[in-house]
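Visitor: Have a look at the structure that comes next, please.
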Amino acid sequence: MGNLIPTASMPLERNPAAVYLASLSPSGRRTQKTALNAIAILLAGEKANAFNCPWGQVRYPHTAAIRSRLVELYAPATGNKMLSALRRVLREAWKLGYISAEDYQRAASVENIKSETLPIGRELSQGEISALMMACNNDRSSAGIRDATTIALLYSCGLRRAEIVGLDILDFDSSTKRFLVRGKRRKERYVYLAEGATEALTDWLHIRGDSPGPLLWPINKRGNIIERRLSTQAIYNILLKRGKEAQVNRFSPHDMRRTFVSDLLDAGADISVVSKMAGHANVQTTARYDRRPEEVKRKASLLLHVPYQRHVTSNAQTDNKG
């Protein structure tokens, strides 16, 4: 790779990396900028970064070599995210006239890194969900009701952290009990509240009021509501606090989303419908969280028998030998 040389600075509107990153959400922008910086260094040396890398000079031999290095350096999922960023930047380079259509197609044709890894994280049991809600109910303050609403929305709607903090009160349609959600890559979808989640939301709105703005607000240690948007870290902190109170093993906000998908599939919901509800780009992503095949495998394993006889020594026999 190292035959490319960093370029001089150019206007952001003419910079492929800048144009691509501007199309992402703030959280996605940070992640993919880091990915592009790493790829730029592989392509053009230590002084290269996302904004001075000569993306218009990248050809198939470069992208093939990048893929090989990513296989060595990163987990498959991370490597594929980085390849996705690389393809998107090359697409912008083509649209800006820095690379021909043929060269772009060849460079972008590099295949994803194949793997069969299990999703990181875990599903929560119904008992754990109930314990979390009970912990919130035991807190009679405004924070308890807000946190119950947060957990209810995460579980019953399968929302990502960025999606729940991005909700505004005007996104809720009380007549249909649904929210308009803006997901990854600015894709919009509707999510519908489950029974119980509606009641929690109603109680929170009674406290919050109906003034325009973010749905969920911070609450300080004195119990005073601060009229501004929650951060994604605040969602993590809410779950951490209520998890400790409920004596639930540690879990992440994404584990609530995983539980949403798994429980719907277990209940017989069509996987294509669940995929749309979760805002997944394709049904294959949803299938990774389907635990039904694992249950089938578990039951199949019970059809076999290993003729092993345990050798159990009683305490009395052990004492006599001593």
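Coordinate-derived values only; no laboratory data. Just so it is clear, the structure is predicted and the values come from calculations on it, not from any experiment. Heads up, the Cβs are rebuilt from the backbone with ideal geometry, glycines too, and the neighbour counts pull from every protein chain shown.
Visitor: Pick out which of PRO212, PRO54, PRO11 has the largest mean-square fluctuation in a Gaussian network model of the chain, springs linking Cα atoms closer than 10 Å.
Guide: Greatest mean-square fluctuation among the candidates belongs to PRO11.
Visitor: If the viscosity is 0.692 mPa s and the temperature 37 °C, what translational diffusion coefficient in µm²/s does Stokes-Einstein give for region 135-177 when Rh comes from Kirkwood over Cα pairs?
Guide: Values: Rh = 11.4 Å.
In µm²/s, the coefficient rounds to 288.
Visitor: Rounded to two decimal places and with Rh computed the Kirkwood way over Cα pairs, what is Rg over Rh for region 136-210?
Guide: On the way: Rg = 12.0 Å, Rh = 12.6 Å.
Radius of gyration over Kirkwood radius for region 136-210 works out to 0.96.
Visitor: Next question, about the same structure. Would you indicate which of (i) 85, 41, 29; (ii) 75, 71, 42; (iii) 54, 49, 48 is the value of Cα extents along the principal axes in Å derived from the coordinates of this structure?
Guide: It is the one labelled (ii).
Visitor: Also, I was wondering about something else. Can you pull the three principal axis extents for the Cα set of region 210-278, in Å, largest first?
Guide: 44, 34, 17
Visitor: So, one more: May I have the convex hull volume per residue, in Å³, for the Cα set of region 12-108?
Guide: Values: hull volume 8.4 nm³, N = 97.
Looking at region 12-108, the number lands at 86 Å³ per residue.
Visitor: Can you compute the helix-only [θ] at 222 nm over the chain? Use -39500 (n - 2.57) per DSSP H run of at least 4 residues, normalise by all residues, nearest 500 deg cm²/dmol. Please list the in-between numbers first.
Guide: Working: 15 runs with 173 residues, N = 322.
Computed ellipticity for the chain at 222 nm equals -16500 deg cm²/dmol.
Visitor: What residues have an amide H closer than 5 Å to that of GLY213, excluding those fewer than 5 places away on the same chain, when H is modeled at 1.01 Å from N in the peptide plane?
Guide: Those lying under 5 Å, H to H, from GLY213 are ILE169, LEU170.
Visitor: Under a cut-off of 30 Å between alpha-carbon atoms, report the lysines in cross-link reach of LYS241, not counting same-chain residues fewer than 8 places apart.
Guide: Result set, ordered by chain and number: LYS177, LYS184, LYS221.
Visitor: Connecting C-alpha atoms closer than 10 Å in a GNM of the chain, tell me which of PHE51, PHE260, PHE179 has the biggest fluctuation.
Guide: Ranking PHE51, PHE260, PHE179 by mean-square fluctuation puts PHE51 first.
Visitor: Could you run the Karplus curve 6.51 cos²θ - 1.76 cosθ + 1.60 with θ = phi - 60° over region 202-212 and give me ³J(HN,Hα) per residue in whole Hz, x for Gly and Pro?
Guide: 4, 5, 5, 5, 5, 7, 5, x, 10, 5, x
Visitor: Under 8 Å for C-alpha pairs, at least 6 residues apart: give me the relative contact order for region 173-269, rounded to a whole percent.
Guide: Working: 57 pairs, mean separation 11.1, N = 97.
Here the relative contact order equals 11 percent.
Visitor: Now a separate question. With +1 on the Cβ of every Lys and Arg and -1 on the Cβ of every Asp and Glu, and nothing else charged, how large is the dipole of the chain about its Cα centre, in debye rounded to the nearest 20?
Guide: Values: 48 positive and 31 negative charges, 156 e Å.
Result for the chain is approximately 740 debye, rounded to the nearest 20.
Visitor: So what J values fall out for region 147-156 if you push phi through Karplus, 6.51 cos²θ - 1.76 cosθ + 1.60 with θ = phi - 60°, rounded to Hz, Gly and Pro as x?
Guide: 5, 4, 5, 4, 5, 4, 5, 4, 7, 7
Visitor: From the convex hull of the Cα coordinates of region 126-298, what is the mean projected area in square nanometres? Provide the component values of the computation, followed by the final result.
Guide: Details: hull surface 41.4 nm².
Taking a quarter of the hull surface, the average projection is 10.4 nm².
Visitor: Here is a further query. Can you give me the three principal axis dimensions of region 24-167 from its C-alpha atoms, in Å, biggest first?
Guide: For region 24-167, the Cα spread along each principal axis is 62, 31, 28 Å.
Visitor: Just to be sure I understand the curve: with the Debye formula and one point per C-alpha of region 243-292, what is log10 I(q)/I(0) at q = 0.15, 0.26 Å⁻¹?
Guide: -0.42, -0.92
Visitor: Now, a different point. In the neighborhood of SER301, defined by Cβ-to-Cβ distances under 12 Å, what is the net charge if each Lys or Arg adds +1 and each Asp or Glu adds -1? Mind dumping the intermediate values first?
Guide: Details: positive: LYS297, ARG298, LYS299; negative: GLU294, GLU295.
Here the charged neighbours net out to +1.
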